[in-house]
C-alpha cells in the first residue's frame, strides 16, 4: 500500500515539474511586466525603502565595489542622517529630462527628503551626470549641500567619469558629501564668513578709523549749527512738499536653493556632461 | 602811550587775576575791582617819561619804553599788551586801543596760568596716539596768555532751498524684491538769525585752530577795559569786520542748509539740490577772547596748542606715535575678529 502511495506521489511530482515550468514560461512576461511597473525607466523603484542605495541595473560597477561604496553611503547616513543615492543608467534621455526627473519625480520616491543623489547617464553619445540635494530649510542636506558645494564635488568626479572609473567617481562623490556635511552649513562658505576675509575687512576698517582718529586727535569740534541759531527769530516762511513720481525696482532674490515643486522642499542641483 | 597799573599799597605792578577777576598785586596781594570809577590803582602813562615812543624804519616794529626800568619795549604793530622783557612789568599799549581799534568787549581769563598748565599736562596724558614720552613728560617751552582778536557777528540769513526727498517701501513678489520709491520735490523759504558767530581776526593765529576753540561763553563777556589785559599778551585785529565776514557767511550758509534740512520731516532721504541764500551782518563787535598758547618742542619739532582761557577746551595737533597707532589697530582688529568668530560659531559656523 505504502509503495503504491509513493509511486503515485512520484508520478504527480513528475507531472507537476514540467507543468510548473510550462506555467512559468507562460507567466514570465507577466512577472517581467510586474517588475517594470515597480521601477521607473532608470531602474529606480517607485518607492525607495532603503536609506542609502545604488541603483545600477546594468551592473556598471562590480558588486564588490558597490558594497564598498554603499558602506560609505550608510556611514554618511549614520553620522549625518542624510540619505545618499546613486543611479547609473543608460536611459538618460538628455540633461533636461533628468532635471525634470530629479526636480519633480525622484523626491516622491524618497523615504526622507534629507537626501542627496547622483544620476550618471551613459547614453551612447551623451554621457551626463547630475548631483541633486533635497531637503527643506533647516535640514542637513539643504543646509550643507548647496549648488556651489555640489559643483565642487562634481568637478572632482568628472575626471574619473571621463576615464570610466565609475566606482572611483562614486567614492569621490561619497567622500565629497561626507566632507561638506562635516563642514556644516553652506551659508558659511560665503566670503563674509571666511575667517581671512573677516580679518582683512576688520583690519582695513579699524585701520581707517584709528588713522582718522589719530590725525584728528586734539581737534574735536564742539559747536553745531544750532549753537548760534536764534530760534525765536528763525522760521520757515513758505514751504511745499510736492509728490512727483514713483520708481519701482525689482531685484531677483539670490538664493542657493530653489523650490523643488510639490512637496519636494528646497533643492540644489549641479550637472555636467563628461 | 603805555599804561601800567600800580598798586596803591606797595607801588608794585598789578596784574589781572583770572581766579578773582580783579587786578591783583603779586607783591602784597592787594586786589582792585576793575570798574573805572571805583578803581584806585594808580595809572601810569608813558608821556611822563622823557623818551618818546618810536616807530622803526619799516613801520613793522614799534619801540615803547618801560616805565619801570626804562628798557625799550620792541613790539609788533598789532601788539596791544605785553610785558617788559627786562623787568617783567605788564604794559598795556593804550594808544593802540583807541578809536576803531578799541575792542567793544572782552572775555576775561577765567583759568589762571597754573591751572591751564596742569590742564594741558593732563590733556597730553590722555592723548591715545601720541608717543608716551610726549604724553608723560611734555616739555612746555613757553606758555603765553593771549587775548586774541575776534569779530563776533549777528547774522540774518534769508533764502530759498529746494530738496529732493524719497520714501521707499519694499515687498516681495515671487522671486523678486520690489522696491517702490516715491520722489518728492521740496521747497523751503527761510528767515534765520544767527547770534554771536565768532571769527578770529588775527593773521598769526590759524583760523581752523581758533574755530576749534569755540564755543565761548558770552555770558562772561564784559565791555572792554584795559586792566583786563595786564599781565597778558594782546593783539589788535589784522583784518577788519568786512574782510573777515565772507568766512562767516560761508559758515552761515552751511547752518542754513542744516536749518532747511531740519524743517523737512518724514522722508527716508533728503538731498538739498539748490539753494539761494543771502546772509547779512546786522551787527559786528570787536572782541578779545582769552587763549592760553602752549608752545612745545618735541624731538626738534615745534608744536603749538591753544587752550580756551574761559572754558578750558584744548586743541592742537600733537605728535603721532605710529607704534601706538599700530597697537590700537592690532588690539581692535583682534578683538573684533575674535568676537565675529564667536558669533559665527554660535550661529553654527566653523571657528576658523
### Query
Does the range B:203-213 contain at least one residue that is free of Cβ contacts under 8 Å to residues at least 40 places away in the same chain, at the interface with another protein chain (Cβ under 7 Å from one of its Cβ atoms) and within 23 Å of residue B:103 (Cβ to Cβ)?
no
### Task
Scan (1) loosely packed, with under 11 Cβ neighbours inside 10 Å; (2) within 7 Å of chain B (Cβ to nearest Cβ) for the single condition residue A:231 breaks and write down its number.
(2)
### Summary
Of the residues in the range A:187-214, those that are modelled with pLDDT under 90, surrounded by fewer than 16 Cβ atoms within 10 Å (Cβ to Cβ) and within 10 Å of chain B (Cβ to nearest Cβ) come to A:187, A:190, A:192, A:195
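Okay, residues lined up against (1) in a helix (DSSP H, G or I); (2) in contact with a strand residue (DSSP E or B) (Cβ under 7 Å, 6 or more places away or on another chain); (3) assigned by TED's automatic domain parsing to the domain that holds residue B:142:
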{"position": "B:242", "(1), (2), (3)": "yes, no, yes"}
{"position": "B:246", "(1), (2), (3)": "yes, no, yes"}
{"position": "B:250", "(1), (2), (3)": "yes, no, yes"}
{"position": "B:253", "(1), (2), (3)": "yes, yes, yes"}
{"position": "B:265", "(1), (2), (3)": "no, no, yes"}
{"position": "B:272", "(1), (2), (3)": "no, yes, yes"}
{"position": "B:284", "(1), (2), (3)": "no, yes, yes"}
{"position": "B:290", "(1), (2), (3)": "no, yes, yes"}
{"position": "B:294", "(1), (2), (3)": "no, yes, yes"}
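What do you reckon, is residue B:261 in a helix (DSSP H, G or I), more than 30 Å from residue B:146 (Cα to Cα) and within 8 Å of chain A (Cβ to nearest Cβ)?
No: the conditions fail for residue B:261.
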### Inter-residue pairs, beta-carbon under 8 Å, first within 7 Å of chain B (Cβ to nearest Cβ) and assigned to a strand (DSSP E or B) and in the range A:244-257, second modelled with pLDDT of 95 or more and loosely packed, with under 12 Cβ neighbours inside 10 Å, 6+ apart
none
### Query
Going by the conditions given, is residue A:260 modelled with pLDDT under 95 and facing chain B (nearest Cβ under 7 Å)?
no
### Selected residue (only one of A:184, A:218, A:176 is within 7 Å of another protein chain (Cβ to nearest Cβ), modelled with pLDDT under 95 and under 20 Å from the mean Cα position of the chain (by Cα))
A:184
### Of all residues making up the range B:312-352, the number that are more than 9 Å from every other protein chain (Cβ to nearest Cβ) and closer than 24 Å to residue A:187 by Cβ
6
### Query
Only one of B:73, B:146 is modelled with pLDDT under 90, away from every other protein chain (no Cβ under 14 Å) and part of a strand (DSSP E or B); which?
B:73
### Task
Report whether or not residue B:308 is surrounded by 17 or more Cβ atoms within 10 Å (Cβ to Cβ) and facing chain A (nearest Cβ under 10 Å).
yes
### Number of the exception - residue A:208 against (1) assigned to a helix (DSSP H, G or I); (2) in contact with a helix residue (DSSP H, G or I) (Cβ under 7 Å, 6 or more places away or on another chain); (3) closer than 30 Å to residue B:304 by Cα
(2)
### Task
Test residue B:318 against the criterion of being touching a residue at least 60 places away in the same chain (Cβ under 8 Å) and outside any strand (DSSP E or B), and give yes or no.
yes
### Task
Among residues belonging to the range B:158-175 that are free of Cβ contacts under 8 Å to residues at least 24 places away in the same chain and facing chain A (nearest Cβ under 8 Å), point out the one that is surrounded by the most Cβ atoms within 10 Å (Cβ to Cβ).
B:175
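In this structure, is residue A:269 more than 8 Å from chain B (Cβ to nearest Cβ) and at pLDDT below 95?
yes
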### Query
Applying the selection to the range B:97-114, what residues are within 24 Å of residue B:304 (Cβ to Cβ) and more than 18 Å from the chain's Cα centre (by Cα)?
B:114
### Residue identified as at pLDDT 95 or above and more than 7 Å from chain A (Cβ to nearest Cβ) among B:190, B:155
B:155
### Task
From (1) touching a residue at least 60 places away in the same chain (Cβ under 8 Å); (2) surrounded by fewer than 18 Cβ atoms within 10 Å (Cβ to Cβ), pick out the condition that doesn't hold for residue A:181.
(2)
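The values are calculated or read from the model by the stated rules, or taken from the named source; none is laboratory data. All of these numbers come straight from a predicted model, not from anything done at the bench. FYI the Cβ positions are ideal-geometry reconstructions off the backbone, even for glycines, and counts take in every protein chain you see.
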